[in-house]
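Shown next, in structure tokens, is the structure this report addresses.
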């Protein structure tokens, strides 16, 4: 059985692991993302210490360039994360380890993992949304991850904002009150001036959060027509959000889409990731598996 390395390159931390799937993950290490000069050599050293690998997958925060034909393939590009703008992430790994490398966004990687082992088994068109420090979305359509000009940036869709209900102008340094700017973890903290995990379940923060998330989900549903919507990330650990989001989505759709998956309730349509916190690093393992098959 091939042995794969996986790197979940998150905005806050790197997670590196070796294995072949959910039942075979070993030697996991976590460390702060910090700067490229700190994080990339640590990842390389981890894999060098664990012997030969058949391929490595990298599931990274973005924006990134996932196009192998591009001069900036393997780069983190216009990220707002300090020190990481226009950073070559894949090149140093390939030079040091000399194995095929799969590279994609962290959310596309998580989507691939959920399709392979988790909540998207049995469907070929779905979206995976993560709501945490940022908001990102990965999409699979007809069994293929969505790419194009680069990759989906679902967190930066623009939403209507009722300025009387919510005077907060948004966290995003590029767009202000886009989906990420209104509904990510830092926006919750800044708007309410507290750690949002300390807010009670009936606090108005959660109804407003669900409203923004539902607006985003409805946009994605009407554009991509997914068979399932998976929502993960630290903010979605607030379990009261799922019923609130489902109720808001149903109200916003207003029975326009007449499908059993929607008319029979949304409990099995808008769901948490089955792989939980392992979705990201397992996505990297799944990208490595694909890279080996493709001989990249």
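Below, the figures for the structure above:
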| read-out | value |
| --- | --- |
| Leading residue by the ranking (nearest to residue 12 (Cα to Cα)) among those in the range 145-166 that are out of contact with any strand residue (DSSP E or B) (no Cβ under 7 Å at 6 or more places or on another chain) and at pLDDT below 95 | 153 |
| Among the candidates 258, 227, 238, residue that is assigned by TED's automatic domain parsing to the domain that holds residue 127, without any contact (Cβ under 8 Å) to a residue 60 or more places away in the chain and either on the phi > 0 side of the Ramachandran plot or under 19 Å from the mean Cα position of the chain (by Cα) (or both) | 238 |
| Any hit, the range 254-266, residues being in contact with a helix residue (DSSP H, G or I) (Cβ under 6 Å, 6 or more places away or on another chain) and within 18 Å of residue 130 (Cβ to Cβ) | no |
| Any hit, the range 32-41, residues being loosely packed, with under 13 Cβ neighbours inside 10 Å, in contact with a strand residue (DSSP E or B) (Cβ under 8 Å, 6 or more places away or on another chain) and over 17 Å from residue 102 (Cβ atoms) | yes |
| Count of the range 20-63 residues which are assigned to a strand (DSSP E or B), closer than 27 Å to residue 295 by Cβ and at pLDDT 95 or above | 6 |
| 3 or more residues at pLDDT 95 or above and over 20 Å from residue 108 (Cα atoms): qualifying helices (runs of 4 or more DSSP H) within the range 198-276 | 204-224, 241-253 |
| Within the range 82-104, considering residues that are out of contact with any helix residue (DSSP H, G or I) (no Cβ under 8 Å at 6 or more places or on another chain) and surrounded by 16 or more Cβ atoms within 10 Å (Cβ to Cβ), the one farthest from residue 18 (Cα to Cα) | 88 |
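The values are calculated or read from the model by the stated rules, or taken from the named source; none is laboratory data. Predicted model, so just to flag it, every value in this text is computed and none were measured. Here Cβ is always computed from backbone atoms with ideal geometry, including for glycine, and neighbour counts include all displayed protein chains.
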